[in-house]
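The values are calculated or read from the model by the stated rules, or taken from the named source; none is laboratory data. Because the structure is predicted, anything quoted here is derived from the model rather than measured. For neighbour counting, all protein chains shown are included, and Cβ atoms are generated from backbone atoms with ideal geometry for every residue, glycine included.
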């Protein structure tokens, strides 16, 4: 018998289990940088090397005040030094004068997707009568859009083609295609009665455990439970993920927020929109048709139910992912897509978006008022959750109907946090360092600090004073290589929603 096999069998015999399968997330999500291939070179504006960025304003992602007229030395894909005004130029450094710009940490997108839901027959609420809406993969356009907008690390937060996502990540890591670092979430952990024909429906708790184990072995670094999962299935999936040192989040409905927190879930998606704990007629392990609307409509942060929920989540250390862009159409102050985003959509996706906007605008006044109440309560609950010590992270949920696009939506997710009462500096922290903290990668990404990855977003203007300046992207550094935002955007114009 091979000696190593014999030792493994002996360990199993003594402990009753195989050696600990926990993974090194930093090594998986943030591998050593690779040289950009010939196919990626057209998007490279500043090749790697010894680079000195001068006369920049730094918003470091921690929530601290901006620092004016600083210099940042990049070397070996990391931030090697940060200097004040008049700092000497290191020998051999390429100097880039960035006066008038602000340097921030790259965005850590915590509810991003690599697909687009093809549902042309949406109603004013974003629902479809089609029994099985299809979810085509956006393998070509999505990675470029994320990177172009400043997303340097993303969590896929549910996959319909997990092998595709894993292969895309491998090609990005190898320098063969342009895109952000990826935390690849396994396939949706879904129960019966799913409306999505591409999702597997778990039969029992043991299958939930085996599904997590299989996809962790394939390279998935996080997991997501979905709307029709049962409590037993969710518990089994959480336990297997935790056994491997991985985290599990959920877009829930059949399981309520208090139930999920008690089971040990790590994160809850969509803020407080999909908590069904007080929906009329809610039955155990079943998703009600109201999908959380009545609960949120009645749950203000100073209500007994709101206070109790926030207290439970904070005590259980459950993070909450704000996904305000996907719900922004419910806001009375909804901002339609700008011309650049409309140009990025395929003709079919653009038509879907415009149709949905027209339907929404024609909704009865009482429905518009009801949606506005949900929006207002969501903003209040997110702010109260953070005040109570909760970890709020952010992402856009770019899915269907065109109202949220990759990259653009990640920036909008940060901007909309200011409507909840967060300062621009607080909102930027939620969209950068908080995401890195949740992933356990704050020692490598999420803030501008010596020794961290040179994953940097450079924008024209000062988003610490005017948050919308986040949209003025000039250059995006990933692993010390400066990517041309405009070139990346131009390469996908008219294609998102198609491939």
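A few notes on this one:
- Residue match in the stretch 217-227 (condition: at pLDDT 95 or above, within 25 Å of residue 292 (Cα to Cα) and assigned to a loop (DSSP other than H, G, I, E, B)): yes
- For the stretch 214-237, the tally of residues that are in contact (Cβ under 8 Å) with a residue 40 or more places away in the chain and within 15 Å of residue 247 (Cβ to Cβ) stands at 9.
- Residue match in the stretch 128-142 (condition: over 24 Å from residue 472 (Cα atoms), touching a helix residue (DSSP H, G or I) at 6+ places or on another chain (Cβ under 9 Å) and not in a loop (DSSP other than H, G, I, E, B)): yes
- When residue 295 is tested against (1) buried (at least 17 other Cβ atoms within 10 Å of the Cβ); (2) in contact (Cβ under 8 Å) with a residue 24 or more places away in the chain, just one condition goes unmet, and that condition is (2).
- When every residue of the stretch 261-269 is checked against the conditions, at least one turns out to be in contact with a strand residue (DSSP E or B) (Cβ under 9 Å, 6 or more places away or on another chain), modelled with pLDDT of 95 or more and in a helix (DSSP H, G or I).
- Screening residue 118 against (1) modelled with pLDDT under 95; (2) assigned by TED's automatic domain parsing to the domain that holds residue 454; (3) within 25 Å of residue 145 (Cα to Cα) leaves a single unmet condition, (2).
- Residue 157 meets each of the listed conditions (1) outside any loop (DSSP other than H, G, I, E, B); (2) out of contact with any helix residue (DSSP H, G or I) (no Cβ under 9 Å at 6 or more places or on another chain) apart from (1).
- Residue match in the stretch 88-105 (condition: closer than 30 Å to residue 167 by Cα, in contact with a helix residue (DSSP H, G or I) (Cβ under 8 Å, 6 or more places away or on another chain) and touching a residue at least 12 places away in the same chain (Cβ under 8 Å)): yes
- Conditions (1) crowded, with 24+ Cβ neighbours inside 10 Å; (2) touching a strand residue (DSSP E or B) at 6+ places or on another chain (Cβ under 6 Å): number failed by residue 444: (1)
- Meets criteria (in a helix (DSSP H, G or I) and within 18 Å of residue 390 (Cα to Cα)) for residue 258: yes
- Selection within the stretch 345-368: residues that are within 27 Å of residue 427 (Cβ to Cβ) and modelled with pLDDT of 90 or more. The member of this set that is farthest from the chain's Cα centre (by Cα) is 368.
- Looking across the stretch 233-252, the residues that are in contact with a helix residue (DSSP H, G or I) (Cβ under 9 Å, 6 or more places away or on another chain) and assigned to a helix (DSSP H, G or I) come down to 233, 234, 235, 236, 237, 238, 239, 240, 241, 243.
- Search result, residues across the stretch 331-353 that are part of a helix (DSSP H, G or I) and touching a residue at least 24 places away in the same chain (Cβ under 8 Å): 340, 341, 343, 344, 347, 348, 349, 350, 351, 352, 353
- Meets criteria (in the same structural domain as residue 180 (by TED's automatic domain parsing), more than 28 Å from residue 301 (Cα to Cα) and touching a residue at least 12 places away in the same chain (Cβ under 8 Å)) for residue 418: no
- Looking across 268, 252, 234, one residue alone is within 20 Å of residue 202 (Cβ to Cβ), assigned by TED's automatic domain parsing to the domain that holds residue 376, within 17 Å of the chain's Cα centre (by Cα) and crowded, with 24+ Cβ neighbours inside 10 Å. It is 252.
- Boolean, residue 326 is assigned to a helix (DSSP H, G or I) and closer than 21 Å to residue 138 by Cβ: yes
- Extreme residue, surrounded by the most Cβ atoms within 10 Å (Cβ to Cβ), among residues of the stretch 385-405 that are part of a helix (DSSP H, G or I) and under 21 Å from the mean Cα position of the chain (by Cα): 385
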